[in-house]
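Take a look at the structure below.
The values are calculated or read from the model by the stated rules, or taken from the named source; none is laboratory data. Keep in mind the model is a prediction, meaning the values are calculated, not measured. Quick reminder, even Gly has a Cβ in these numbers, built from the backbone with ideal geometry, and neighbours come from all protein chains shown. We work out accessible area using only protein heavy atoms, side chains counted, and drop any ligands, DNA or RNA first. Shrake-Rupley method; radii C 1.70, N 1.55, O 1.52, S 1.80 Å.
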Amino acid sequence: MKSKSKLSLLLILIIFIFGCNIKQNKVADIVLTNGVVFTADTINSKAEAVAINDGKIIFVGDKSGVQNLIGDKTKVIDLKGKMVLPGFIDSHCHAISSYRYFFELNLYGLKTYEEIQNAIKKYLSEHPDAKYIKGRGWSNTDFPQNGPDKKIIDKVVKDVPVSFSSEDGHSKWVNSKTLELAGITKLTKNPEGGVIERYPGTNEPNGTLRENAADLVYDIFPIYSVEELMKGLEAYQNMVLPFGITTVHDAYLDAGSNETEAFRSLEKNNKLNMRFRASLYIDPGKSVEQIKSLIDERKKNTGELFQTNSAKIFIDGVVEGSTAYLKQPYKHQTNNYGELLWNIDSLNKMCSTLDKEKFQIHVHSIGDAATSVTLDAFSFAEFHNGKRDSRNSITHLQIVDKSDIKKFKELGVIAVPQPYWFIKDDYYYNIQVPYLGQERADEEYPMKSFFDNDVVVASSSDYPVTIPCNPLVAIQYGITRSKLNTKDSTEVLWPEERVTLEQMIRSFTINGAYANFLEKETGSIEVGKKADLIVLNKNLFEIPVTEISNAKVLLTFFEGEEVFVDSSFVPY
Ligand SMILES: [Zn+2]
């Protein structure tokens, strides 16, 4: 026994010495030095230099310490005081919608009927053989009382079906041809969890289909091909890498669809320049049997860059559609509490079954009642299956009952807000005041309360609901909670909920990594992690807060590869 233990001690010693030598002899592929590195480690430490080897971070420290890692072939970037941050993580977006966003009829920013009709005419002149027209981007705020009217489209397109998604993705605006092909008439009842809007005082559909009613026209339009979706995702990467985004969570993919196939094909062909995690959609109209297809889908996506370990549940709708589920009724419709898209028993059963199968659960929840119901369902799952590291999350969180915030912490639920929306903007806020009443509208989107209660907060954009999805803009909004160019303090949306720069950065980096079970790989600048990092032209800690949104990403590294270099920047 004695000699055996001596031998193993010797072996350990050899391994130790040999291991140390490997580390010491390592020469960096890339060294960034003479900068301000905000590491987002547990104590938010700062450093001057970072060294990268084989896609990983091998050194974080001062500029003298990095010197002995510089060899003949090392690329050295003198940052001259510029800032380095971990690559940004967007914890809720819809990258898969990019084909629609980049290549279909785009209504974003069009305000008048005329502008919309002209855009349709232009699209038709460019696509004279179009057998259908799909588009996206109209805003509920431009049609405040009822949704948009089919006649506006009918005037320019009568013979082919047209469907335009609203910018929040919760409603569809269609023409008469689409209604006809889908068989939607005066006699068609609203489906569960959906509304077919009618002209006031009649039963005639007006062309706006809300929530689950939008599914009624689904079969009229062909689904996207894998190639189209791939093209969209490549355009998406090209758009967000200049924003410094290196990991995202796609919040809504269908299991067994062309969508997941598109991600897999890109990964197989080495065309992913960033990391994707995703949630698979759960249909409230189907039983727990559907989870089998999620399990099958999860098994297919085990590559490093694309995984689908989460399930997506919609609990309610949106305030602008009067469908967010509230504890107190809407101000403008005093007997309307909004739409709960689930029966509570089925929701509880669904959550506990998903949890048992070790899926994370990612929930869309806008209203306070919706969030309470969601937390209860998570609690039900925990009670049945026992506590585990589940990392469920709730996103949007527009109106939240204060007493619920502690439950996030207790249940380990991650808050996934969109700080891009933390302002009294001219469109949404102006609708929210009459819909919710002044008091509720002024206490929208808590943020600091989550941090104060030690809840993990992972920020996100909900792209393409938010465009452009530049995290630096959101970071500024999170700190100021006011429009970019305003100095008027009455224009601050819920001033008590403003947070610090450090908190905002963490919400877009390490907390996002945690939300996606990636904190061991990315999210902070620490030795051993993947070299996902960005260089900014300015030190965010030294400029006025109102300048943060103007700062620029000069360089984006993904796993040590330069995936974006700004044309103004010559790194070497
Ligand atoms: Zn979303």
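Data for the structure
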| quantity | calculated |
| --- | --- |
| Segments classed as helices (runs of 4 or more DSSP H), wholly inside the range 384-491, with at least 1 members that are within 16 Å of the ligand (Cβ to nearest atom) | 428-436, 471-480 |
| Residue match in the range 182-192 (condition: assigned to a helix (DSSP H, G or I), within 16 Å of the ligand (Cβ to nearest atom) and either open to solvent by less than 20 Å² (accessible area, probe 1.4 Å) or closer than 19 Å to PRO148 by Cβ (or both)) | no |
| Whichever residue in the range 273-283 is assigned to a loop (DSSP other than H, G, I, E, B) and open to solvent by 10 Å² or more (accessible area, probe 1.4 Å) and, among such residues, is nearest to the ligand (Cβ to nearest atom) | ASP283 |
| Enumeration of residues in the range 242-257 that are touching a residue at least 60 places away in the same chain (Cβ under 8 Å), away from the ligand (no atom under 16 Å from the Cβ) and out of contact with any Gly (no Cβ under 8 Å at 6 or more places or on another chain) | PRO242, PHE243 |
| Residue, farthest from the ligand (Cβ to nearest atom), within the range 344-368, restricted to residues that are open to solvent by 10 Å² or more (accessible area, probe 1.4 Å), farther than 28 Å from ALA513 by Cβ and in contact (Cβ under 8 Å) with a residue 40 or more places away in the chain | LYS349 |
| Leading residue by the ranking (nearest to LEU241 (Cα to Cα)) among those in the range 65-99 that are charged (D, E, K, R) and away from the ligand (no atom under 16 Å from the Cβ) | LYS82 |
| Tabulated pairs, the range 74-103, first more than 23 Å from LEU266 (Cβ to Cβ), second within 14 Å of the ligand (Cβ to nearest atom) and open to solvent by 10 Å² or more (accessible area, probe 1.4 Å), C-beta under 7 angstrom, 6+ apart or interchain | none |
| Check on ASN53, open to solvent by 10 Å² or more (accessible area, probe 1.4 Å) and either more than 16 Å from the ligand (Cβ to nearest atom) or in contact with a helix residue (DSSP H, G or I) (Cβ under 7 Å, 6 or more places away or on another chain) (or both) | yes |
| Among the residues listed as LYS158, LYS121, LYS151, the single one being over 28 Å from ASN203 (Cβ atoms) and of a type outside the set (Gly, Ala, Ser) | LYS121 |
| Filtered residues of the range 212-229 (kept if open to solvent by less than 30 Å² (accessible area, probe 1.4 Å) and in contact with a helix residue (DSSP H, G or I) (Cβ under 7 Å, 6 or more places away or on another chain)) | VAL217, VAL226, LEU229 |
| Residues satisfying the stated conditions in the range 518-532, i.e. surrounded by fewer than 21 Cβ atoms within 10 Å (Cβ to Cβ) and in contact with a Phe, Trp or Tyr (Cβ under 7 Å, 6 or more places away or on another chain) | VAL527 |
| Selected residue (criterion: nearest to PHE88 (Cα to Cα)) from residues of the range 518-572 that are among the β-branched types (Val, Ile, Thr) and part of a loop (DSSP other than H, G, I, E, B) | THR522 |
| Whichever residue in the range 369-383 is of a type in the set (Val, Ile, Thr) and either at pLDDT below 95 or within 16 Å of the ligand (Cβ to nearest atom) (or both) and, among such residues, is surrounded by the fewest Cβ atoms within 10 Å (Cβ to Cβ) | THR374 |
| Condition met for GLY321 (modelled with pLDDT under 95, closer than 29 Å to LYS172 by Cα and either open to solvent by less than 10 Å² (accessible area, probe 1.4 Å) or hydrophobic (A, V, I, L, M, F, W, C) (or both)) | no |
| Which numbered condition ASP62 misses (of (1) over 30 Å from LYS131 (Cα atoms); (2) open to solvent by 40 Å² or more (accessible area, probe 1.4 Å); (3) within 16 Å of the ligand (Cβ to nearest atom)) | (3) |
| Among (1) of a type outside the set (Val, Ile, Thr); (2) more than 25 Å from ASP159 (Cα to Cα); (3) assigned to a loop (DSSP other than H, G, I, E, B) - the single one MET230 does not satisfy | (3) |
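Each row is one residue, and each column tells you yes or no for (1) open to solvent by 60 Å² or more (accessible area, probe 1.4 Å); (2) without any contact (Cβ under 8 Å) to a residue 40 or more places away in the chain; (3) farther than 27 Å from TRP342 by Cβ.
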{"residue": "GLU259", "(1), (2), (3)": "no, no, no"}
{"residue": "ARG264", "(1), (2), (3)": "no, no, yes"}
{"residue": "LYS268", "(1), (2), (3)": "yes, yes, yes"}
{"residue": "LYS271", "(1), (2), (3)": "yes, no, yes"}
{"residue": "GLY285", "(1), (2), (3)": "yes, no, no"}
{"residue": "VAL288", "(1), (2), (3)": "no, no, no"}
{"residue": "LYS292", "(1), (2), (3)": "yes, yes, no"}
{"residue": "LYS300", "(1), (2), (3)": "yes, no, yes"}
{"residue": "PHE306", "(1), (2), (3)": "no, no, yes"}
